[in-house]
Every structure is written in structure tokens, then in C-alpha cells.
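The values are calculated or read from the model by the stated rules, or taken from the named source; none is laboratory data. What you see is a predicted model, and the numbers here were worked out from it, not measured in a lab. Backbone-built Cβ (ideal geometry, glycine too); neighbour counts: all protein chains shown.
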Amino acid sequence: MSSFLPPPALRSLVSCLWSTDGRSRHAVGTTRERVLPTGLVHVVLRLDDAPLRIDDGRGEETLSPAIVGGPRMASYGKDVRHPVASVGAVLRPGAAAHLFGLPTCELAARHTPIEVFWGRDVHLLREELGELKTQQARLEAFAAELSRRMANAGAVHPGIVSALIAVEQGVDRVATLADGAGLGPRRFRRLFQETVGLTPKGWLRLRRFQRTLAFACRDHVDWASVAIDLGFADQAHLVREFRAFSGITPGDYRRRAPADPNHVPAS
């Protein structure tokens, strides 16, 4: 998979665009992967009708070739036996409301066919992208469609923007985030969940998990020190949280050595 910086007009709404040419990212023989939660909204258009099957613990599901994956707090299994050329986008918090017309929390923890929101337009877009010969041309056409659909996007509430920045700067208490946003606790929670799709506490936990993954990818890891640095009560707490989000232990994650931190070969 190749990732690309969005054009300037999209950068406040889209964190990255990506494209694949249909080749697997995993070693030969890998049939499944675990997709780890990022807390962000993912838009995916597969340019072939080969089935895409996932299992999120509630049973196997076959997905539409054009889907929006809402923010989630747990990993899910994905069948990777049929890779196809695809394009996608990772949205910034708040962007989904402008692209799909509903609060992000209504997309949470599920995959929704994009045709629910765009109707037949999404089929025409997939056909158009499939006829283009290069990944760059596909990304440019996809970016143009996103730009058109979000041309009149409004700004995210400034209090929520400040809270998201504060989390990345190390603030780890919901009350502190609400105070910094200048909002009462109940209104802050409601606005945050509508914008991000997760509760403030859930977002804090998930961002800490993602920081843990960055350490897990290093050659040598002192997990006791990492636990302290990231604000866990102890190493056991770190391991419990890691398993809650990924379904595996940090040691198992390192043994599987994923090429992409959030896509772990399972079998």
C-alpha cells in the first residue's frame, strides 16, 4: 500500500490518501490479518467485485466493495486471500459528517456501504477509477470527488479541536480536556462523541494504545519503562489494554512483525 499526502484543500479533513495495486502486503500463504483500531474513519473503494470478508466477533460478514469503516475500539479479522486494486482515505475527526451527512458516532463500530449515502454515484466512481491506468491518476480522481463533496465543510467546534491537540500533547484526563475546551462535562462529551465517534475516555485509551504500537515496533523494548512513560499503572495494565484493543499480547505482536503497524498477519 502506498500512502499520499492529500492536496492542500483537503488536508484539514483528510489525514492521508492511499492506493494499492492488488498485491498482498503479507508473506505468501497468509490468509487472514487482524486490523487494529485507529479511532479514525476509513473510506475504502475496492475496484473489483471480489468478496471482502471480515469477522468482528459477531460472525463473518461480506462487505460491499465501497465502504466507510467507522471508528472502533476493537480489532477485527479480515480475509486477505483476494487482494484487489483499491483506493482509500483516512478522515480527520469531524470530516465524516460533511462527507456522509450524519454525526460520526452513528458510523462507529461498523462498516457501512457508501451507496447508503451516495447512491449510484459510488458505482460510477468505482467504474471511473477502475478505468484509470495508474495509482496516481486514481488518487487524483478520488481526491477530486472528496473535494467536491466536502467543498462547503464547516469547521469543527474549536473546543473539540483544542481537546484533540491536547491529547497529542499528553493530556490524559477528560476533565482537563473539558476545561481546556471551555465546555461543561456533558456538553463536551456529547460534542466530542458526535465529532470523533468515540467517548473522550475511549479516545484517550485508544491514542495511548497507538503510542504503545510505536514502541512495539522497535528492535528492543523495555515494557516496564514503556508502561511508566505512557501512563499505565504498571506493565500488566499495559498488556491488558494491548489485548483489549488488538486481541493479542505485545510479545505476539512483535513475533508477527507486521509490515503495517495496524495490519497484523494472523494465519
*Report, ordered by the first and then the second residue, all pairs with beta carbons closer than 7 Å, sequence separation of six or more or different chains, a first member in the stretch 222-245 that is among the charged types (D, E, K, R), and a second member that is surrounded by 13 or more Cβ atoms within 10 Å (Cβ to Cβ) and part of a helix (DSSP H, G or I).*
234/227; 241/205; 241/209
*What is the one condition in (1) touching a Leu at 6+ places or on another chain (Cβ under 8 Å); (2) surrounded by 17 or more Cβ atoms within 10 Å (Cβ to Cβ); (3) within 27 Å of residue 4 (Cα to Cα) that residue 147 does not satisfy?*
(2)
*Quick one: how many residues across the stretch 30-62 are at pLDDT below 95, under 13 Å from residue 110 (Cβ atoms), surrounded by 15 or more Cβ atoms within 10 Å (Cβ to Cβ) and of a type outside the set (Asp, Glu)?*
0
_For the condition within 16 Å of residue 39 (Cα to Cα), modelled with pLDDT of 95 or more and either crowded, with 18+ Cβ neighbours inside 10 Å or basic (Lys, Arg) (or both), what is the one hit in 69, 77?_
69
*Assess whether residue 172 counts as being closer than 19 Å to residue 245 by Cβ and not in a helix (DSSP H, G or I).*
yes
*Among the listed residues 45, 40, which satisfies the condition of being outside the structural domain of residue 206 (by TED's automatic domain parsing), within 22 Å of residue 213 (Cα to Cα) and aliphatic (A, V, I, L, M)?*
40
*All but one of (1) free of Cβ contacts under 8 Å to residues at least 60 places away in the same chain; (2) in a helix (DSSP H, G or I) hold for residue 203, so report the exception by its number.*
(1)
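Filter the stretch 202-254 down to residues that are of a type in the set (S, T, N, Q) and within 23 Å of the chain's Cα centre (by Cα), then give me how many there are. Steps first, answer last, please.
Initial filter on the stretch 202-254 (of a type in the set (S, T, N, Q)): 210, 212, 225, 235, 246, 249.
Next cut, within 23 Å of the chain's Cα centre (by Cα) only: 210, 212, 246, 249.
Counting residues in the stretch 202-254 that are of a type in the set (S, T, N, Q) and within 23 Å of the chain's Cα centre (by Cα) gives 4.
In the stretch 1-29, which residues are of a type outside the set (A, V, I, L, M) and at pLDDT 90 or above?
Kept after step one, since they are of a type outside the set (A, V, I, L, M), are these residues of the stretch 1-29: 2-4, 6-8, 11-12, 15-16, 18-26, 29.
6, 7, 8, 11, 12, 15, 16, 18, 19, 20, listed by residue number.
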*Please work out if residue 178 is buried (at least 18 other Cβ atoms within 10 Å of the Cβ), assigned by TED's automatic domain parsing to the domain that holds residue 208 and without any contact (Cβ under 8 Å) to a residue 60 or more places away in the chain.*
yes
_Tally, over the stretch 1-19, of residues that are touching a Lys or Arg at 6+ places or on another chain (Cβ under 9 Å) and under 24 Å from residue 82 (Cα atoms)_ = 2
*Among residues belonging to the stretch 224-267 that are in contact with a Pro (Cβ under 8 Å, 6 or more places away or on another chain) and crowded, with 18+ Cβ neighbours inside 10 Å, point out the one that is farthest from residue 2 (Cα to Cα).*
238
